[in-house]
1. Quick check on residue 182: is it farther than 21 Å from residue 118 by Cβ, in contact (Cβ under 8 Å) with a residue 24 or more places away in the chain and buried (at least 22 other Cβ atoms within 10 Å of the Cβ)?
2. Looking at this structure, is residue 129 buried (at least 23 other Cβ atoms within 10 Å of the Cβ) and in contact with a helix residue (DSSP H, G or I) (Cβ under 7 Å, 6 or more places away or on another chain)?
3. Is it the case that residue 10 is surrounded by 14 or more Cβ atoms within 10 Å (Cβ to Cβ), more than 29 Å from residue 220 (Cβ to Cβ) and either in contact with a strand residue (DSSP E or B) (Cβ under 8 Å, 6 or more places away or on another chain) or modelled with pLDDT of 50 or more (or both)?
4. List every residue pair whose Cβ atoms lie under 8 Å apart, where the two residues are 6 or more positions apart in sequence or sit on different chains, the first residue falls within the stretch 201-221 and is on the phi > 0 side of the Ramachandran plot and surrounded by fewer than 17 Cβ atoms within 10 Å (Cβ to Cβ), and the second residue, located anywhere, is in a strand (DSSP E or B) and modelled with pLDDT of 95 or more.
5. Name the one entry in 144, 166, 138 that is over 17 Å from the mean Cα position of the chain (by Cα) and farther than 29 Å from residue 72 by Cα.
6. Residues of the stretch 184-202 being in contact with a strand residue (DSSP E or B) (Cβ under 8 Å, 6 or more places away or on another chain), in a loop (DSSP other than H, G, I, E, B) and within 11 Å of residue 230 (Cβ to Cβ), which ones?
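The values are calculated or read from the model by the stated rules, or taken from the named source; none is laboratory data. Remember, it's a predicted structure, so these values are computed and weren't measured experimentally. Quick reminder, even Gly has a Cβ in these numbers, built from the backbone with ideal geometry, and neighbours come from all protein chains shown.
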């Protein structure tokens, strides 16, 4: 069995069971039948994240070696395109999912000292998922579980800051591109892209981020890739673009 089969099995296992925030699929939805074609099945009334090869952007390897992740300009901290590794292990008290687009991580001390929010967390750039606090909005809990599952299955998680945006948002949260690398893989995949590609998030809150020479792949900016993910999700009728139901709020 190759590494892609193993990682796919791990992902499906996480997506079909309770995550660290204590929600699970309804018994009637039969989540064990998740496949790449389940969205097309006339027997399927709920949408679940699909398993298929990554079709998004890649990080420039030069940024994996960049130690400077921010610059200070006239007293304001800006992203600099650099990356750093974070920890995510809720079972051992390290990190948790706040929403599909916001995560608490275990940060290196030099990064933690710069984050002003409490708890210290990352707000994913260029996308937005529905809210889960109070009365959860449609697709919010599924987006949260997807983020949780992908982070749990990742062997390495990198945060890349963006030179087109401030280091922190108005709430003191670190703004970042969240790159994940599963066991056995040599390349990183962008979780921001995956959430939009699955139809669990929409492209939003750009603020100039993702449009510099530091954030490009195959002559497309990160922003252009995010819109491409949204177009593909709409074409495939995934998530919020689907006629299928959200398993948590329907």
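1. Working: farther than 21 Å from residue 118 by Cβ: yes; in contact (Cβ under 8 Å) with a residue 24 or more places away in the chain: yes; buried (at least 22 other Cβ atoms within 10 Å of the Cβ): no.
Taking the combined requirement at face value, the residue does not satisfy it.
2. Details: buried (at least 23 other Cβ atoms within 10 Å of the Cβ): yes; in contact with a helix residue (DSSP H, G or I) (Cβ under 7 Å, 6 or more places away or on another chain): yes.
For residue 129, the condition - buried (at least 23 other Cβ atoms within 10 Å of the Cβ) and in contact with a helix residue (DSSP H, G or I) (Cβ under 7 Å, 6 or more places away or on another chain) - is met.
3. Working: surrounded by 14 or more Cβ atoms within 10 Å (Cβ to Cβ): yes; more than 29 Å from residue 220 (Cβ to Cβ): yes; either in contact with a strand residue (DSSP E or B) (Cβ under 8 Å, 6 or more places away or on another chain) or modelled with pLDDT of 50 or more (or both): yes.
When the stated conditions are applied, residue 10 passes them.
4. 205/128
5. Values: 144 fails: over 17 Å from the mean Cα position of the chain (by Cα); 166 fails: farther than 29 Å from residue 72 by Cα.
After applying the criteria, what remains is 138.
6. Within the stretch 184-202, just 201 meets the criteria.
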